[in-house]
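Below you'll find the structure, written out as structure tokens, and then a few comments.
FYI, it's all coordinate maths here, none of it is from the lab. On a predicted model such as this, the values are computed, not experimentally measured, just so you know. Here the Cβ positions follow ideal geometry from the backbone for every residue, glycine too, while neighbour counts run over all protein chains shown.
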Ligand code: DLL
């Protein structure tokens with residue numbers, strides 16, 4: 001199902017014409033309205049009329065989160081506050097948040113993009129959708145909210161937290177689609193089980209998950225636990241929020257809303273643009289955004305673009321599931337380790353639940369990795385022989401995938417912290 005079929009299925013050459021036209025506009029717009037960009041573009045010798053083809057994008061300087069922070073709070077806004085209709089901000093673990101502003105037109109485009117990703121997985125005006133993202137400065141909840149309202153779905157703004165009540169709403173309101181992070185979805189399914197609610201009592205069909213990574217293995221767990229068709233969607237506040245890309249019902253990559261977002265893949269170290277099909281850091285240029293436009297924004301997210309046509313009929317490029325963030329990548333004893341590699345080994349193994357955490361320590365000059373993972377059944381803790389065998393099996397599997405040794409600790413069921421938003425699975429104690 002399509003929300004804006006003509007755009008979503010636009011022939012590639014037409015789409016690229018539109019992108020080029022919009023890119024030229026965007027460069028001029030940034031030059032004229034944001035002193036930061038004007039200086040950067042001047043230094044690089046770039047003006048809108050120098051952009052002749054899409055690959056000229058590579059000559060535009062990259063923008064980073066630090067640039068937004070350095071211009072805190074509104075320095076990168078291209079419109080006066082009078083024309084900014086809404087502000088959001090990313091939580092930011094350290095220091096000041098990054099603040100983003102939307103004009104009325106940005107909000108319209110945003111809800112269109114979200115409506116597209118929701119309809120692409122079959123959500124319609126017949127659906128009752130519970131939004132279990134935290135309402136507030138975070139873009140997740142309000143982003144999904146207006147997109148879903150636009151397609152006429154019945155929206156329940158449940159927000160996050162109070163998980164028992166969430167489960168009650170799921171059941172009593174006959175919710176057919178759930179919006180949350182995958183980790184919170186999984187936790188809700190646990191609580192539902194504890195409350196003695198059988199999955200047959202729920203009408204859930206679709207899980208619109210996003211905002212954090214979820215390996216295919218973890219997705220299978222969620223689907224088993226909740227009997228939903230779980231889909232992935234991607235976005236970030238600096239670019240807009242949710243709605244940058246999302247899977248269609250075929251689930252073979254997330255279609256980027258390319259009439260608004262121009263993607264590139266770069267090598268994070270050399271900053272060179274990589275060839276089509278190579279894996280690297282996603283860089284996005286917004287080509288319609290008015291409030292806080294982004295020229296070649298470094299997302300730090302690692303993925304790959306797939307330009308093959310999709311059987312769903314959408315012509316917009318697909319990005320692979322996020323492999324990890326370049327700043328999430330753990331360097332352990334000189335080896336690059338993505339938490340998603342560990343997750344794909346752990347999740348779905350016999351006796352092992354889907355909850356885990358990674359603890360990295362420095363012992364002397366040596367980095368060590370401890371993988372704590374929950375058992376499904378605590379009685380195994382008393383069966384030393386079985387436990388040791390399981391631990392050794394997991395260690396061996398991890399060694400094959402990661403190329404380094406790790407310590408596997410099997411812990412009591414429900415002893416690892418649960419999260420209502422994005423899960424924090426990495427505890428890096430090396431610089432403490
Ligand atoms: O998480 C926006 C969003 C909300 C997307 C709801 C989807 C659904 P931020 O809080 O700014 O925005 O975080 C952005 O989250 O750079 C990724 O590292 C990560 N992320 C977002 N979606 C996915 C996903 C929202 N589907 C950061 N898979 C991004 C993996 C994701 N990581």
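What percent antiparallel are the DSSP beta bridges of region 335-428, to the nearest 5?
The antiparallel fraction comes to roughly 55 percent.
Could you work out how far helix 182-194 tilts from the main Cα principal axis of the chain, as a 0 to 90 degree angle to the nearest 10?
40 degrees
In which sequence would 273, 129, 100, 371 go, from the one with the fewest C-beta neighbours within 10 Å to the one with the most?
Fewest-to-most Cβ neighbours within 10 Å comes out as 273, 371, 129, 100.
Helix 384-402 against the longest principal axis of the chain: what's the angle in degrees, Cα atoms only, rounded to the nearest 10?
20 degrees
Report, in degrees rounded to the nearest 10, the 0 to 90 angle that the Cα long axis of helix 216-226 makes with the longest principal axis of the chain.
70 degrees
Given axes a ≥ b ≥ c from the Cα gyration tensor, I'd like to know whether region 218-282 is rounded (a/c under 1.5), prolate (a/b larger than b/c) or oblate.
prolate
What's the ranking of 145-156, 308-319 by average number of surrounding C-beta atoms within 10 Å, highest first?
Top of the packing list down: 145-156, 308-319.
Quick check: the distance between the Cα centres of region 50-86 and region 21-41, to the nearest angstrom?
Each part reduced to its Cα centre gives a spacing of 8 Å.
What per residue convex hull volume, in Å³, comes out for region 335-428 when only alpha-carbon positions are used?
Each residue corresponds to 105 Å³ of Cα convex hull volume.
What 222 nm value per residue comes from the helices of the chain, counting each DSSP H run with n ≥ 4 as -39,500 (n - 2.57) and dividing by all residues, nearest 500 deg cm²/dmol? Before the final figure, lay out each step's value.
Values: 11 runs with 132 residues, N = 432.
Helix contribution divided over all residues of the chain: -9500 deg cm²/dmol.
Please report the projected area of region 5-327's Cα convex hull averaged over all directions, in nm².
16.1 nm²
In what sequence, highest mean first, do 179-189, 275-285 appear when ranked by Cβ atoms within 10 angstrom?
179-189, 275-285
Residue 333 to residue 250: extension gain in nm, 0.36 nm per residue of separation minus the Cα-Cα distance? List each step's numbers first, then the result.
Numbers: separation 83, 0.36 × 83 = 29.88 nm, distance 3.91 nm.
Result: 26.0 nm gained on full extension.
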